[in-house]
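The values are calculated or read from the model by the stated rules, or taken from the named source; none is laboratory data. Everything numeric here is computed off the predicted structure, so don't read it as measured data. Methodologically, a virtual Cβ is constructed for each residue, glycine included, from the backbone with ideal geometry; neighbour enumeration extends over all protein chains shown.
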Amino acid sequence: MTRVLASRVNRRTVGALTDGAFKVLLAAACLTAAAPLGRLLGVPVWLMAVSGVALLICGGAEIGCTSSRSMRTYTRLMVAYDGGWVLTALVGLLMAWRGGSAGGEVWVGYQAVAPIGFAVLLAASKDETCVK
């Protein structure tokens, strides 16, 4: 049993599990500290809560699909998601640097939408549903 499990776990699997766990932890932070984080980032509490729920769904889907999805699919989706994450963070920082007040909304808005897209694409990547 240990050998079978060990043969399935490689760097990419650990990376997918870690990415999913990070999203779940970020979701917990967004949900438990929505008001102070919202004030810090300049976003409404409801947007922090929505992004927390979206991140929780995505993180759970990532962890739940690890054994039934291709790591190639995971890697592509993670690169796309994280690339968007970096771009929206840069746009948000640029907006804040230029004196705008919507930088936090751009970044948190991405966190409210992109994880759901990630989870949908991950679930659609195979005929059987991995989200239980």
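Worth pointing out:
The rows are residues; the columns are (1) at pLDDT 95 or above; (2) surrounded by 14 or more Cβ atoms within 10 Å (Cβ to Cβ); (3) among the aromatic types (Phe, Trp, Tyr).
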{"position": "37", "(1), (2), (3)": "no, yes, no"}
{"position": "53", "(1), (2), (3)": "yes, yes, no"}
{"position": "73", "(1), (2), (3)": "no, yes, no"}
{"position": "97", "(1), (2), (3)": "no, no, yes"}
{"position": "118", "(1), (2), (3)": "no, yes, yes"}
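- Look at the stretch 94-123: where a residue is over 22 Å from residue 38 (Cβ atoms) and a partner is assigned to a loop (DSSP other than H, G, I, E, B) and hydrophobic (A, V, I, L, M, F, W, C), sitting 6+ places away or on another chain with Cβ atoms under 8 Å, you get 119/131; 122/130; 123/130; 123/131.
- Which numbered condition residue 73 fails, given (1) under 14 Å from the mean Cα position of the chain (by Cα); (2) touching a residue at least 40 places away in the same chain (Cβ under 8 Å): (1)
- Residue in the stretch 25-33 that is modelled with pLDDT under 95 and among the β-branched types (Val, Ile, Thr) present: no
- Close contacts from the stretch 32-58, counting a first residue that is farther than 11 Å from residue 112 by Cβ and a second that is among the polar types (S, T, N, Q), with Cβ to Cβ under 8 Å and a gap of 6+ residues or different chains, come to 42/101.
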